[in-house]
Amino acid sequence: SASSVLRDPTMQRQLLAMKQQQEFQANVAKFTEHCWDRCDVKATAKMEAKTSRCIANCVERYLDASSRLSADLPNLLSRMADSRQQAPPSSAKTIWG
């Protein structure tokens, strides 16, 4: 049955690897499109050194930002949850009435 397949550790590892590969490919597509546009790449036989450096720098910044966001996400979510708990209830009076 499908549930027994999903409980199989080998199958779980394979599914996780496939998911990670899909996420990696999606990220590559995102930063490729972003950096391609940002660096104004021309369709020529040979890429100029300036354009190549621009793309390399853009990709590095994108990966750094993604890494930083991934690392900071748990803290950000925790702070957001804390601020919601400290906010006054929605039934509190406002200046309008």
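Details
- Close Cβ contacts (under 9 Å, 6 or more residues apart or on different chains) running from residues in segment 53-66 that are in contact (Cβ under 8 Å) with a residue 12 or more places away in the chain to residues that are assigned to a helix (DSSP H, G or I) and among the hydroxyl-bearing types (Ser, Thr, Tyr) comprise Ile55/Thr32; Val59/Thr32.
- Taking the listed residues Lys30, Lys42, the one that is open to solvent by 90 Å² or more (accessible area, probe 1.4 Å) and part of a loop (DSSP other than H, G, I, E, B) is Lys42, with no other qualifying.
- The one condition in (1) open to solvent by 100 Å² or more (accessible area, probe 1.4 Å); (2) free of Cβ contacts under 8 Å to residues at least 12 places away in the same chain that Trp36 fails to fulfil: (2)
- Test: residue in segment 46-56 that is charged (D, E, K, R) and either modelled with pLDDT under 85 or in contact with a Pro (Cβ under 7 Å, 6 or more places away or on another chain) (or both): yes
The values are calculated or read from the model by the stated rules, or taken from the named source; none is laboratory data. Just so you know, these numbers come straight off a predicted model, no measurement behind them. No Cβ is skipped: glycine too gets one built from the backbone with ideal geometry, and neighbour counts run over all protein chains shown. Areas reflect the complete protein model, heavy atoms only, side chains present, ligands, DNA and RNA absent. Shrake-Rupley method; radii C 1.70, N 1.55, O 1.52, S 1.80 Å.
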